[in-house]
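A.B. asks: Sharing a structure with you now.
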Amino acid sequence: MKLRAACVVVGFLSLAQLTFAQSTVETASALPRLLRFGGTVKDLNGNALTGVVGITFALYSEQTGGAPLWLETQNVTADGHGRYAALLGSTKPDGLPTELFISGQARWVGVQVSGQAEQPRVLLVSTPYAFKARDAETIGGLPPSAFVLAVPQVGRDLPPGPKKAAGAVGSPSALSVSGSGSTNYVPLWTSSSNLGISDLYQLNGQVGVGTTTPGGKLDVLTHDSIATRSTSLRAAGTGLYGISSATTGGGVGVIGEAHSAAGTAGVFNNVGGGAVLSGESKGTVIFSVNGNGVAQVGTQSTTPTGMLNTTASSVAYVGLAATGSPGLSSTVFGTAGVDGTGGAAGVNGGVGGPGVVGTGGDGNAPSSAAGIGVVGYAGGGPVASIGVVGYGSTGDGGGGPGVMGIGAQGNFGGGGAGLWGMGGINEITGLNVSGAGVVAYGAGNNGNPGTDGDGIFATNPDGGTASTGGYAGYFSGDINVTGTIFAGTKDFRIDHPTDPANKYLLHASVESSEMMNIYSGNATLDGSGEAVVQLPTWFEAVNGDFRYQLTSIGAPGPGLYIAQKVSGNRFKIAGGSAGSEVSWQVTAVRHDAYAKAYPLVVEQEKSARERGYYIHPELYGAPKEQGIGTSRYLQSMRQFKRMAPRHSPKIQPAKKSSN
């Protein structure tokens with residue numbers, strides 16, 4: 001190397017030799033400083049990636065660790081087996097820097113597929129180091145012409161610096177350069193022979209533009225509207241690529257920061273209308289913001305179907321978690337975790353969109369249950385709260401329901417319940433009981449008689465009787481009623497004793513115009529033809545106005561009579577034959593506290609709003625709409641029939657069981 005350099009120095013004396021040397025260097029400069037490199041790319045599951053793949057290549061002086069000496073990102077094309085070939089340095093105007101290979105030290109190539117960790121580094125063999133051979137036609141990397149002194153020009157001052165000794169080779173004075181500079185500022189050629197000060201300030205290996213205290217390798221400070229701008233003209237190019245290559249610590253690839261309350265830390269604009277923002281973790285898209293004039297945000301999804309589309313990636317996460325702000329006082333409540341407002345009905349007869357829709361997950365396995373659409377949990381605290389609250393809206397045709405439940409079609413069994421309530425368990429002894437499945441309160445109407453709402457209104461699909469197959473209410477278990485039961489008839493129905501699998505047996509109750517109790521029994525007369533019937537201790541506390549009946553069993557008993565009326569919870573029978581049997585019955589009218597407070601009024605006037613309406617209008621030739629039950633909730637029933645088809649869930653096709 002030293003010999004060749006000496007030959008070039010000698011060549012300074014010959015113009016022909018100088019021309020030859022210049023020509024040789026120019027030919028060497030035209031050689032591409034590129035390195036062909038190939039490999040295989042796979043996804044995180046070990047499957048070969050195909051098509052265009054983004055890869056970052058880096059050169060290191062160490063097999064592991066350390067900062068990259070050089071790096072670039074390319075979009076390579078992988079074949080069906082994931083194989084690719086790339087020319088390192090092809091994205092740089094000057095290709096690979098030759099100084100990377102002139103030190104004689106080994107170099108390793110790091111390969112990092114977009115979204116993945118860097119692969120194990122590969123040791124470069126001798127070929128790249130041949131870049132050093134270009135120095136064979138240079139002196140210290142410069143062409144010989146750089147060392148030829150120009151003929152001095154009159155009137156030009158020499159720049160500050162050491163003077164050449166007289167009689168030295170190339171002793172003619174160098175080209176005169178004028179101008180001045182400032183410490184640490186990178187000089188700028190203001191003309192072909194004059195140096196000035198640029199905006200670049202270099203201090204401790206850091207360069208500042210518009211600042212003398214750079215805080216990074218490049219620090220730009222300006223009052224212009226745009227501090228830096230990076231543009232890629234390639235079809236799949238990257239305008240700005242931020243990499244934090246350290247495999248430990250909390251490095252950040254890109255940070256955007258704004259200090260004004262009206263400012264924005266980051267703005268992404270796809271003027272072509274495509275995706276605005278996409279986030280990846282280990283090669284998998286974890287969120288995306290789509291464009292096309294509509295802001296759609298998706299997590300774990302690149303094709304969101306709504307304004308916000310979130311998908312949990314594992315059982316450790318929920319699809320969406322939102323927490324409201326805590327309340328400040330008893331009058332300043334906490335804010336909602338989720339506040340959903342449905343879209344307004346845009347056309348006459350339309351229906352506005354629901355504020356919140358919850359869809360449970362499918363139960364795909366044969367024995368799996370589908371997920372619940374909406375679950376509400378009340379927060380804990382000294383005072384219990386409500387899991388779910390629904391408020392109906394005001395309408396000209398009647399107020400809307402606070403909560404509306406529509407059961408889904410049953411593909412293999414019964415249809416789903418429209419509303420299902422299950423009470424909570426009580427863990428405190430005393431009168432406290434476990435929670436009721438459903439609690440209903442009718443709305444009051446400021447004390448106006450006959451206008452208060454009912455706690456529950458229920459009707460079967462046809463508004464008729466159970467013979468049509470449906471019930472207005474079906475209770476499995478005991479029913480407790482603390483008030484009065486009004487009914488057209490009160491029957492009992494049981495499985496027929498002689499054919500329980502195919503028939504029912506029904507009996508009607510005995511009705512009366514009085515609150516009446518009936519007691520009966522059999523008594524055997526003593527030797528005097530008498531018998532004392534002992535009644536319960538509460539008998540006279542509950543009953544009064546007693547009526548008696550006696551029937552002789554086995555033989556006529558014309559002389560039977562009540563010797564003593566009920567007194568002291570007993571009465572006496574006499575006038576029969578010794579040892580004969582007598583059947584007795586006592587009928588009494590209730591006079592307990594409840595009966596006295598709420599006596600039976602046999603004939604009652606209908607309230608003003610019920611007049612002209614019937615309990616069973618069909619029995620009197622009146623239309624169904626004149627039924628009292630129907631008229632009380634006519635608007636609600638019409639509204640339900642109008643809303644139900646529009647809010648009903650889509651009928652899903654039956655899924656065949658694998659059993």
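The values are calculated or read from the model by the stated rules, or taken from the named source; none is laboratory data. What you see is a predicted model; the values in this text were computed from it and never measured. In this analysis, Cβ positions are derived from the backbone assuming ideal geometry, glycine residues included, and neighbour counts consider all displayed protein chains. Only protein heavy atoms, including side chains, enter the accessible area calculation; ligands, DNA and RNA are left aside. Shrake-Rupley method; radii C 1.70, N 1.55, O 1.52, S 1.80 Å.
A.B. asks: As an exercise, use a Förster radius of 51 Å and the Cβ-Cβ distance of Glu603 and Leu328 to find the FRET efficiency, rounded to the nearest 0.05.
C.D. replies: Values: r = 59 Å, r/R0 = 1.16.
According to the calculation, E is roughly 0.30.
A.B. asks: Could you please put Val338, Val186, Val586 in sequence from largest to smallest accessible area, using a 1.4 Å probe?
C.D. replies: Val338, Val186, Val586
A.B. asks: How far is it, in nm, from the label point at Leu506 to the one at Arg570 when both lie 7 Å from their Cα along the line to the Cβ?
C.D. replies: 4.5 nm
A.B. asks: Quick one: go through segment 592-612 and flag any residue whose amide nitrogen is under 17 Å from the point 7 Å out along the Cα-to-Cβ line of Phe486.
C.D. replies: Only 598-612 pass the distance filter.
A.B. asks: Then there's this: Pairs Lys92/Lys217; Lys565/Lys596; Lys490/Lys624; Lys490/Lys596; Lys503/Lys596; Lys42/Lys217: which are spaced more than 31 Å apart, C-alpha to C-alpha?
C.D. replies: Lys503/Lys596; Lys42/Lys217
A.B. asks: Under a 1.4 angstrom probe, counting protein chains only, how are Leu525, Leu69 ranked by accessible area, largest first?
C.D. replies: Ranked from most to least accessible, the order is Leu69, Leu525.
A.B. asks: Taking 0.36 nm per intervening residue step and subtracting the Cα-Cα distance, what contour gain separates Val338 from Ser192 on full extension? Display every interim value, and only then the final one.
C.D. replies: Values: separation 146, 0.36 × 146 = 52.56 nm, distance 6.76 nm.
45.8 nm is the gain from fully extending Val338 to Ser192.
A.B. asks: Hey, if we sort Trp108, Trp538 by accessible area with the 1.4 Å probe, largest down, what's the order?
C.D. replies: Trp538, Trp108
A.B. asks: Which shape class, rounded, prolate or oblate, goes with segment 190-235 when its Cα gyration tensor gives a ≥ b ≥ c as root eigenvalues, a/c under 1.5 marks rounded, and past that a/b bigger than b/c marks prolate?
C.D. replies: Cα axes put segment 190-235 in the oblate bin.
A.B. asks: Let me ask something additional. With all protein chains present, calculate the accessible area of Leu506 using a 1.4 Å probe and round the result to the nearest 10 Å².
C.D. replies: Rounded to the nearest 10, the figure is 100 Å².
A.B. asks: Which value, in Å² rounded to 10, gives the accessible area of Ser260 with a 1.4 Å probe and all protein chains present?
C.D. replies: The accessible area comes out at roughly 70 Å².
A.B. asks: Let me ask something else about it. Between Leu200 and Tyr377, what FRET efficiency follows from the Cβ-Cβ distance if R0 is 45 Å, with the result rounded to 0.05?
C.D. replies: 0.15
A.B. asks: Residue separation times 0.36 nm, minus the C-alpha to C-alpha distance between Asp495 and Thr231: what's the value?
C.D. replies: That pair, Asp495 and Thr231, stretches by 86.5 nm at full extension.
A.B. asks: Still on this structure, please answer the following. What is the spin-label model distance, in nm, from Ile386 to Asn522 if the labels are put 7 Å beyond Cα along the C-beta direction?
C.D. replies: 5.9 nm
A.B. asks: Express in Å², to the nearest 10, the accessible area of Glu257 obtained by rolling a 1.4 Å probe over the protein heavy atoms while all chains stay in place.
C.D. replies: Result for Glu257: roughly 140 Å² accessible.
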